[in-house]
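Any read-out appearing in this document is the output of simple, stated calculations on the displayed coordinates, not a laboratory observation. Keep in mind that what you see is a predicted model, and the values were worked out from it rather than measured. With ideal geometry, Cβ positions are generated from the backbone for all residues, glycine too; neighbour counts draw on all protein chains shown.
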Ligand code: PNS
């Protein structure tokens, strides 16, 4: 059984992330989507909120689990029994950072490999930051995120005002 882990900030999860999750779920036996507890960033959603949103949007994919982690990704992968880390590549601009991350992780733990899935061209421009920026100016984010996520983003931005 090949277990894979798909780590990220997911603040919020976009249709691009969801596309990667669905495709990874059709390749690997089990996918764990892992939300990073990142003290360095000031996210829109708490870790628990992001976990709950991810659980909601992946509820129909039977081999997908959602959790969170603090610390090194390779330690979390090892504890979860995952041999593979999934990352999405949108464009060449992602490549340098992703290569550095993958090489560092492999140096830290040689049994954990990174598999890159190229983002569907339809979502190649998309990022969580763009979604938050468009929503913060009252723009329509319904083409970028699932409906439940759009509602959560607008509510959160309203509550933060
Ligand atoms: O969605 P993101 O913010 O691009 O995801 C980045 C993530 C979570 C994959 C990366 O920051 C990470 O793995 N952080 C955990 C700390 C770690 O293991 N770093 C790798 C050594 S540099």
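A Förster radius of 22 Å, combined with the Cβ-Cβ distance separating residue 78 from residue 22, puts the computed FRET efficiency at roughly 0.30. Maximal additional length on extending the residue 120-residue 97 stretch stands at 6.3 nm, based on 0.36 nm per residue less the C-alpha distance. Protection proxy ranking, highest mean first, for peptides 51-57, 12-18: 12-18, 51-57, where packing is the per-residue count of other beta-carbon atoms within 10 Å, averaged. Taking a cut-off of 14 Å, what percent of all Cα-Cα pairs in the stretch 103-161 are separated by more than that? Percentage above 14 Å: 65.
Along its three principal directions, the equivalent ellipsoid of the chain from the Cα gyration tensor extends over semi-axes of 26, 16, 16 Å, largest first. Distance from the C-alpha centroid of the stretch 111-129 to that of the stretch 1-68: 13 Å, rounded to the whole angstrom. Estimated from helices alone, the mean residue ellipticity of the chain at 222 nm is -14000 deg cm²/dmol (sum of -39500 (n - 2.57) over DSSP H runs with n ≥ 4, per residue).
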